[in-house]
Structure formats: structure tokens, C-alpha cells
Amino acid sequence: MWLAMAAAFTAWLGGYAVLCAVKPFAPCRRCRGLGEIERFGKPRMCPRCHNHRLRLRVGRRVHNAWRRTHAAGTRPMPERTTR
Ligand SMILES: [Zn+2]
């Protein structure tokens, strides 16, 4: 039971990682990718994405934060010299 759940979660995580690498942007959740919402019967600019229609996936945001932190915490790569 637990092994099957762990295997399913790992498979989902791998698929999500591939999705974040291939398609880092997803349609905005508030306006479903339309860029505007209807408010009081009139179309208005989406307050969440400001007409950009897309949002960065959560997994990609986490990956970017991790990369930024890693780059800030490590020495810059020494220049490779050919001898
Ligand atoms: Zn939106």
C-alpha cells in the first residue's frame, strides 16, 4: 500500500518536473488565460496577471529560487584554462 503510494507520488513528481522544464508557464488561474475577468458585468483587467495571461508554475518557481540560492552560496566557477 505505502510502496504503491510512494511509487505513484514519485511518478507524478517526475512528470511534474518534466512539465516544469518543458512548459514553465501555465494559464493564469484567476482568468483561465484570458487576461481579463468580468466584474459588475464589464470586462476588467485581470488583477492577478495584469493581462499577461500566464503564470509561472509553482515547481518552476521553486526551482528558480533553489538555483538563485545555490548560485549565491557557491563560489563563482574558476575560469578553465587550457594547458
Ligand atoms: Zn489572469
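Tabulated values for the structure
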item	result
Unpartnered cysteines - no second Cys beta carbon under 4.7 Å - across the chain	CYS20
Cα-Cα separations in the chain greater than 20 Å, expressed as whole percent	61 percent
Sequence-separation-based contact order of the range 12-83, relative, with Cα cut under 8 Å and 6+ spacing, percent	28 percent
GLY33 long-range amide H proximity, modeled H, under 5 Å	CYS28
The range 20-60 pair-distance distribution - Cα-Cα, 10 Å bins, rounded %	35, 43, 17, 5
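Rule-based calculations on the coordinates, nothing more; no lab input. The model shown is predicted, which means the values in this text are computed figures rather than measured ones. A quick note on method: Cβ atoms are made from the backbone with ideal geometry, for glycine too, and the neighbour counts reach across all protein chains shown.
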